[in-house]
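Heads up: the structure comes next, in structure tokens.
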Amino acid sequence: MALVAAEASYTYAAGTQYASDALSDVTLSLEVGELVLVVGETGSGKSTLLRVLAGLLDPSSGSVTVDGLAPGDGAARGRTGLVFQNPESQFFAETVLDDVAFGPRNLGQSDPPYSAQQALRAVGLDPDVFGARSPFTLSGGEARRAAIAGVLAFEPRYLLLDEPTAGLDRPSRDAVLSVVKDARAQAGVLVVTHDPEQFLQDAQAVVVLFRGTQVFSGAPSGLLTDPGPYLKAGMQLPDVIRAQLVARERGAQLAGISFDPEEAARKLLQARRGAR
Amino acid sequence: MIVFRDVSFTYPGAQRPALRRISLRFEAGQRVAIVGANGSGKSTLARLANGLLVPCEGSVLVDGMDTADESRTFDIRSRVGLVLQNPDNQIVGTVVEEDVAFGPENLGVPRDELRARVDAAIAAVGLTGMERKEPHLLSEGQKQRLAIAGALAMDPAYLVLDEPTAMLDAAGRHAILEVLERLVTDGHGIVHITHDMAETIPADRVIALDDGKVAFDGPVAELLSNTHLLLRLGLEQPPMVVMAAVVRANGLEVPLAPAPEELVEALWRS
């Protein structure tokens with residue numbers, strides 16, 4: 001059971017003189033409980049991949065399957081939930097609760113208001129406090145979480161998030177990060193981001209896209225052993241990681257790479273002592 | 001100089017003021033970072049600085065001109081350039097050079113000078129060679145640099161930037177910070193609002209806002225090493241500052257916010 005892309009490619013305006021290959025032969029799989037990161041710079045094909053995975057675009061070649069089904073299959077409906085970038089720009093209902101209940105209602109699920117309340121709780125917004133408010137009065141961070149709740153409400157097995165923390169300040173970003181972590185209890189979560197630093201530590205797999213092709217795919221630790229493809233794709237390694245790589249180049253014996261700055265500093269001090 | 005004198009501002013219909021009795025000065029040639037949680041008043045302050053908003057109480061003076069004096073609005077807006085978070089909302093031209101020319105053309109700048117200003121502004125943000133490109137073909141980072149060029153073409157003494165890197169990727173952020181560095185060297189006064197504490201490191205001075213008031217105004221090093229205040233304000237100590245603090249606690253000398261290479265060098269040298 002997984003959301004799987006197998007050598008999926010997509011060409012915009014295929015067959016015309018404007019044809020452009022946005023995605024070439026991307027293979028990945030997302031299982032319930034996993035966090036998979038898709039990273040790359042602007043124009044690398046991240047958003048196209050997301051649309052292909054969500055079934056909004058049919059791959060030009062290769063395939064996408066949801067638990068073995070085609071995304072367009074009626075039985076696959078509601079299994080994949082996509083949260084677009086800046087989703088709060090798409091609120092339309094008069095109250096937060098109504099907006100969040102739209103998904104389950106649209107899918108004909110049994111008790112949309114109840115699902116909406118559960119989803120609001122899951123993103124840390126008390127339905128008694130926020131449910132009756134207009135979505136347009138929410139702060140940036142609250143609005144982002146309410147928009148994610150709108151997708152969680154129909155309980156997708158695979159949750160796809162496009163730049164979920166972009167443009168948020170730290171407290172709001174932390175709140176969204178914990179929503180992403182918690183969501184893995186029920187779903188596989190795929191995050192598309194050009195700012196992977198904050199997610200790297202929790203991810204099981206990272207896919208790096210460069211001009212539509214997959215230049216790396218594997219566990220985050222693999223990136224740290226050989227950051228070449230990551231750097232080529234325009235990504236910058238977090239400073240904390242870079243410090244450890246630089247130290248290793250100077251001969252430091254490090255037992256694994258740490259994301260946490262305090263722990264990383266202690267490891268460097270230890271390695272330095274070991275070197276004398 | 002931009003002077004805020006006892007400035008308070010409340011948005012129409014809002015229960016609470018966005019800014020309360022703020023007094024500040026921004027000097028030409030100085031790089032100031034402004035930080036604070038969402039809703040602390042940062043964006044309001046940016047909009048007051050160029051007269052987009054006018055104080056409810058107190059006054060804002062730009063090189064002696066009161067922003068409440070409508071006859072000076074034109075002069076004030078050309079002295080203080082404003083760049084906002086989302087580059088897509090700030091582009092009006094159909095090609096890059098046309099977009100940059102929009103402001104000065106509106107001011108009636110003569111044709112020869114207009115050309116020179118546009119070329120200089122485009123060069124200052126590193127977009128030379130893209131003059132005839134359509135803005136929608138640029139990356140988000142390039143679009144944001146285009147927005148900065150548009151402000152620069154007005155020949156401002158001050159540039160106020162409201163979270164200009166928030167929506168950009170690492171490469172885009174990096175390019176913007178380089179542009180800011182160059183602008184300070186050229187003598188512009190920079191007011192840089194950011195939620196990324198690491199971006200405050202090169203500033204001459206940092207102001208932290210909390211609930212519409214100034215909670216800190218001083219050297220960056222002082223704020224970054226005050227973990228209690230940072231925690232109270234909901235601000236984050238940049239990772240390299242944390243690493244350096246651990247190393248320093250072990251008796252080694254390292255700068256407040258070293259580059260990774262610098263930190264390793266310090267460790268292995270001593």
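The values are calculated or read from the model by the stated rules, or taken from the named source; none is laboratory data. The model shown is predicted, which means the values in this text are computed figures rather than measured ones. Heads up, the Cβs are rebuilt from the backbone with ideal geometry, glycines too, and the neighbour counts pull from every protein chain shown. The protein model used for the area step is the full one, side chains on, heavy atoms only, and it has no ligands, DNA or RNA in it. Shrake-Rupley method; radii C 1.70, N 1.55, O 1.52, S 1.80 Å.
Which whole-angstrom value gives the distance between the alpha carbon centres of segment A:140-181 and segment A:2-24?
28 Å
Top to bottom by accessible area (1.4 Å), largest first, where do A:TYR10, B:TYR158 land?
A:TYR10, B:TYR158
Rounded, prolate or oblate: which fits chain A when a ≥ b ≥ c are the square roots of the eigenvalues of the alpha-carbon gyration tensor, with rounded for a/c under 1.5 and prolate only if a/b beats b/c?
It comes out oblate by the Cα gyration axes.
Would you list which lysines come within 19 Å of B:LYS213, measuring only between C-alpha atoms, while excluding same-chain residues fewer than 8 positions from it?
Hits, sequence-local ones excluded: B:LYS42.
Name the residues of segment B:229-243 whose accessible area, probed at 1.4 Å, falls by at least 10 Å² once all protein chains are in place instead of their chain on its own?
SASA drop of 10 Å² or more in segment B:229-243: B:GLY234, B:GLU236, B:PRO239, B:MET240, B:VAL242, B:MET243.
How big is the accessible area of B:HIS136 in square angstrom, nearest 10, if you roll a 1.4 angstrom probe over the protein chains?
130 Å²
What nm distance separates the two modelled labels at B:THR185 and B:ARG132, each placed 7 Å from Cα along Cα→Cβ?
With each label point 7 Å from Cα toward Cβ, the separation is 3.1 nm.
Provide B:MET154, B:MET240 ordered by accessible surface of protein heavy atoms (probe 1.4 Å), highest first.
From most accessible down to least: B:MET154, B:MET240.
Could you work out the helix-only [θ] at 222 nm for chain A, with each DSSP H run of four or more residues adding -39,500 (n - 2.57) and the total divided by the number of residues, to the nearest 500 deg cm²/dmol?
-10500 deg cm²/dmol
Let me check something: with ligands and nucleic acids excluded, how do A:ARG77, B:ARG31, A:ARG145 order by accessible area (1.4 Å probe), largest to smallest?
A:ARG77, A:ARG145, B:ARG31
Please list, in order, the residues from segment B:82-115 whose amide nitrogen is less than 15 Å from a point placed 7 Å along the Cα→Cβ vector of B:GLU178.
Output list for this probe position: empty.
Could you tell me the accessible area of B:SER71 in Å² (1.4 Å probe, neighbours in place), rounded to the nearest ten?
Its accessible surface works out to 90 Å², give or take rounding.
What value, in deg cm²/dmol to 500, does the helix sum -39500 (n - 2.57) over DSSP H runs of n ≥ 4 give at 222 nm once divided by the residues of chain B?
-11000 deg cm²/dmol
Assuming R0 = 25 Å, can you tell me the calculated FRET efficiency for the pair B:ASP69 and B:ALA116, based on Cβ-Cβ distance, to the nearest 0.05?
Computed FRET efficiency for B:ASP69 and B:ALA116: 0.25.
As a test, work out the antiparallel percent of DSSP beta bridges whose residues both lie in the protein assembly as shown, rounded to the nearest 5.
Around 50 percent antiparallel, to the nearest 5.
How many nm separate the modelled label positions at B:ALA123 and A:PHE92, each set 7 Å beyond the Cα in the direction of the Cβ?
In this crude label model, B:ALA123 to A:PHE92 measures out at 5.1 nm.
Roughly how many debye, to the nearest 20, is the charge dipole of chain B about its Cα centre, given +1 on each Lys and Arg Cβ, -1 on each Asp and Glu Cβ, and no other charges?
Dipole size: approximately 560 debye.
Quick one: dipole size for chain A, taken about the Cα centre, charges +1 on Lys/Arg Cβ and -1 on Asp/Glu Cβ, in debye to the nearest 20.
Using Cβ point charges on Lys, Arg, Asp and Glu, chain A gives about 940 debye.
As an exercise, use a Förster radius of 30 Å and the Cβ-Cβ distance of A:SER20 and B:LEU52 to find the FRET efficiency, rounded to the nearest 0.05.
So, using R0 = 30 Å, E works out to roughly 0.15.
Taking the Cα centroid of segment A:63-121 and of segment B:10-65, what is the distance between the two, rounded to the nearest whole Å?
41 Å
Note down the net charge around B:GLY41, summing +1 for each Lys or Arg and -1 for each Asp or Glu among other residues with Cβ under 11 Å from its Cβ.
Cβ neighbours under 11 Å give a net charge of +3.
Could you check what % of the DSSP bridge pairs in segment A:3-221 are antiparallel, to the nearest 5?
Here the antiparallel bridges make up roughly 50 percent for segment A:3-221.
Just check segment B:77-218 against the gyration tensor rule for me: Cα atoms, a ≥ b ≥ c as the square roots of the eigenvalues, rounded for a/c under 1.5, and otherwise prolate or oblate depending on whether a/b exceeds b/c.
Verdict is prolate for segment B:77-218.
How large is the direction-averaged shadow of the alpha-carbon convex hull of chain B, in nm²?
Projected area, direction-averaged: 15.7 nm².
Suppose all protein chains stay in the model; what accessible area per residue would a 1.4 Å probe give for segment B:147-258, in Å²?
36 Å²
Can you pull the accessible area of B:LYS143 for me, 1.4 Å probe, Å² to the nearest 10?
20 Å²
In whole angstrom, how far apart do the alpha carbon centroids of segment B:149-217 and segment A:250-276 sit?
34 Å
Only Cα pairs under 8 Å and at least 6 apart count here; give the relative contact order of chain B as a rounded whole percent.
The value is 23 percent.
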